[in-house]
Amino acid sequence: MSAITPYMRRTIAAPIRVQGVGLHSGTPVFMTVLPGSDGIAFTLGGIRTLALPRHISRTVLCTRLGPVSTVEHVMSAFGGLGITDVEVEVTAPEIPALDGSAAPLVALINGAGIRDIREDEQPRLSVPFEIVDGRQYIRVAAGSGLWSYTYDRGEQWPGRQTFSCTLPAGYAAQVAPARTFAARAEAKQALERGLGQGLDYRTALIIGPKGYDNAPRFSDEPARHKLLDLIGDMYLAGIPVEFLDVTAYRTGHTVSVRAAQRLHSLVEGSSQMR
């Protein structure tokens, strides 16, 4: 990317407070989002962790940043709305699930208002690149915000779904409302293992063998939610979504965090981003 175009760093105009339970732990948690000016950071028990790829400590079932789990939905909302600087404080080690999507947080952010902080230079990217792991892949290029995800269950229903969206314009209406999802059998197994304690018909779309067990918000909601997760994980690199074109196939948090790590390492002067 040769042209250097300025963009605006933004924070929220007023604090946001929300409570709920963790999607996997079922633990009650209070979350406060405060205006900031030093990147995006999560604080638990007085320990502040900047939202950077190198601080990811686990990627099984969710993305854990330092001691705080399931940050992907919050990071996705920040990326989709162009929020670059906020302080997130939580009282337990998992973000509240809310309704399993990013839509409630998007509504709260828009209600609080978004405030410009300062102008910054568009990052110069040494891309394209590709991360491949078996059948999973992510392709990243400098672009204009075209993001695409393909969810593929093979011969199992609903088979293959591909969803594409131009960001940030389409984020709030087309991506943010898509909920966490789980196959009925997998959800049962997770509960038996003590996982998914906050998972129910209010926080997730459940996939049966021949259809959805509860009403979907979109016919391709799984593909949209996987894109939501991908945006959240990739935003750890600190690159505004409108400067990238990203295509992903069947990826989970491990591969998307690897892509964020690679992207962050390729940005010239990436220290400016956080």
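The values are calculated or read from the model by the stated rules, or taken from the named source; none is laboratory data. Here the structure is a predicted model, which is why all the values come from computation and not from measurement. In this analysis, Cβ positions are derived from the backbone assuming ideal geometry, glycine residues included, and neighbour counts consider all displayed protein chains. Side chains are part of the model used for accessible areas, which takes the heavy atoms of the whole protein and leaves out ligands, DNA and RNA. Shrake-Rupley method; radii C 1.70, N 1.55, O 1.52, S 1.80 Å.
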Legend entry - Mean projected area in nm² (Cα convex hull; one quarter of hull surface) for the range 87-173: 9.5 nm²
Legend entry - Net charge of neighbours whose Cβ lies under 13 Å from the Cβ of ASN214, counting Lys and Arg as +1 and Asp and Glu as -1: 0
Inset, instruction - Compute the projected area of the convex hull of the Cα atoms of the range 16-106, averaged over all viewing directions, and report it in nm² to one decimal place. - result: 5.3 nm²
Legend entry - Förster radius 45 Å - calculated FRET efficiency between ARG202 and GLU119 (Cβ-Cβ, nearest 0.05): 0.60
Inset, instruction - Looking at the chain, send over the antiparallel percent of its DSSP beta bridges, to the nearest 5. - result: 75 percent
Legend entry - Leading residue at positive end of dipole, the chain (Cβ point charges), from PRO104, ALA237, PRO222: PRO222
Inset, instruction - Return the long-range amide H neighbours of PHE181 (sequence gap of 5 or more, or a different chain), with a cut-off of under 5 Å between placed amide H atoms. - result: LEU205
Legend entry - Spatial separation of Cα centroids for the range 139-171 and the range 1-55, in angstrom: 25 Å
Inset, instruction - Give me the Kirkwood hydrodynamic radius of the chain, using the inverse of the mean 1/r over all pairs of distinct Cα atoms, in Å to one decimal. - result: 18.6 Å
Inset, instruction - Compare ARG224, ARG258, ARG179 by solvent-accessible area with a 1.4 Å probe and give them largest first, with all protein chains kept in place. - result: ARG258, ARG224, ARG179
Legend entry - Mean ellipticity per residue at 222 nm, deg cm²/dmol - from DSSP H runs of n ≥ 4 across the chain, formula -39500 (n - 2.57): -6500 deg cm²/dmol
Inset, instruction - Could you tell me, in Å, what Rg and Dmax come out for the Cα atoms of the range 66-132? - result: 14.8, 40
Legend entry - Furthest towards positive pole of dipole, GLN122, ALA92, PHE163, structure part the range 55-176, Cβ charges: PHE163
Legend entry - Proximal charge balance of VAL127 [Cβ under 11 Å; K/R count +1, D/E count -1]: +1
